[in-house]
1. Sort 24, 44 so that the residue with the fewest other Cβ atoms within 10 Å of its own Cβ comes first and the one with the most comes last.
2. Neighbouring Cβ atoms within 10 Å as the yardstick, rank 33, 11 fewest first.
3. Does region 3-69 come out rounded, prolate or oblate by the C-alpha gyration tensor, with a ≥ b ≥ c the root eigenvalues, rounded set by a/c under 1.5 and, if not, prolate when a/b is larger than b/c and oblate if not?
Ligand SMILES: [Zn+2]
């Protein structure tokens, strides 16, 4: 695990985790998660089903926003406050 992409909302560090070949970032402070993509990095290949199951459980605690940083900013600036996110 590594701290890579800062959260678009609070600009804080996000936690980077993989589920299979798909990369996710989560922000503990905002309780948000966003998908970065898949097969961009290769560290997932060294992880196991066990790690991915644990990471899936982690992701369930977070609210999804967008599919990348650009979409995250988009969904936050265009949605009305309190509206359900379109996911
Ligand atoms: Zn945040």
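No lab work stands behind these numbers, since they all come straight from the coordinates. Keep in mind it's a predicted model, so treat the numbers as computed, not measured. So basically every Cβ, Gly included, is an ideal-geometry build from the backbone, and we count neighbours across all protein chains shown.
1. Working: 24 22, 44 19.
By the 10 Å Cβ count, ascending: 44, 24.
2. Working: 33 21, 11 9.
Sorted ascending by nearby Cβ count, the order is 11, 33.
3. Details: a/c = 2.00, a/b = 1.50, b/c = 1.33.
Here region 3-69 falls in the prolate category.
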